[in-house]
Amino acid sequence: MPASARVVLAVLLAMSGSGPLGCSVSTELRRVRTPRQGVTLEYLRSKGQGFEGTLKIGNTRAIEGLTEPLSQTLTCEVSMVMLATSDMGTEVRATFTGVDLDWDLPPAATYSSDELVELAHAQLRGMQVTFVVRPDGRIQALPTPPANAPLELREVIETMLMGLESFFVPLPGQPLGRNDVWHERFEHTTANGLGQALEQDLRLDGSYEHRTDDGVVVRRLMIEQQRHEQRGGERGPVTVERDVRAEVLFADAGYPADIDRETREADPEEGVVFRKVRAKWIATRGLVPELMVPPPGDVQVIRDPCNPDYVGPLACEDEGDEPEPPEEDDEPDGASAESDDEDADADADAEPSEDDGDGDAP
């Protein structure tokens, strides 16, 4: 891990504050002058570039018939790599390497909270998702959870994806000075014909540097978004409205090192949910995408006990672990039995499927 990345992580872990938009920065950071000519913000998205992050996400969900809203919290570790860049955008793969849940469920749920936690630990560690980030910084479409996953598990996956989404925000192409505000509206349509609209105000609040001589600099961004995003519904597309407020410390190295975001989400079918995301990211050394086996679709839940990323109660019944049959008495000296071992991980070497990154279910 680069020294600058370690310093940024140490600095941001020390930061405190109860919520976005107004929390004070860490005493480990000191304010520095923003260049008079402004600064240009852009993501580091070269092929093979990696990032590692910790996401802490909280949901407050009102349920009809309950006097108190449900409280749901999730912490997960994520590794993210940039696979390829084209004129259409950058293909990204994220791997969730750990999931910790404290998740209340409504009375009508088919699982208890303890059963859901056990299921999540067994199936979501090692889960991979792929998507495309447009050149301006918008995600083309979030992947959809597997249709065959239980409803409660799909809701957990959707929450994880919302936390992952907070990494990406549109950035201006021109330099920003201190207190400059950039306002822009974006629209696009996914491959499924669903509309995505985003209106954003981004303000550069100031610049900070670590108090050592390392020279790590972050730009404090204050962001407000109004999002109108369609999703598929039983009777046709449903428009979900999200009001987002976020504070981001964007490292000059080209990534959001610290994110504090609040969202009010109104879904005509699912009701209103308040979400909070607290995320910390560091840049890692470039990876080699060609050596990473891609998942068969946009979201992959690990169920094969022989997969090296599988975590769960099942054992891998590897034929290669079976004892070899005893040699026959009449076997000529020096002869050896032919090995009938088979590669239990043959599925992991299968050719990758075509993926347009637009959030289609596998």
Of the beta bridges DSSP finds with both residues in segment 47-306, what % are antiparallel, to the nearest 5?
-> 100
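May I ask you to sort F131, F51 by Cβ crowding, counting other Cβ atoms within 10 Å and putting the fewest first?
Placing the least packed residue first, the sequence is F51, F131.
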Seen from all sides and averaged, what is the projected area of the convex hull of the Cα atoms in segment 106-168, in nm²?
-> 5.0
Roughly what would the spin-label model give for R134 and A108, points 7 Å off Cα along C-beta, in nm?
-> 3.5
H228 to T60: extension gain in nm, 0.36 nm per residue of separation minus the Cα-Cα distance?
-> 58.4 nm
Ranking S26, S166, S71 by Cβ neighbours within 10 Å, fewest first, what do you get?
-> S71, S26, S166
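No value in this document is a laboratory result; all are computed from the given coordinates. Worth saying up front: this structure is predicted, and the values here are computed from it rather than measured. Every residue, glycine as well, gets a Cβ built from its backbone with ideal geometry; the counts of neighbours run over all protein chains shown.
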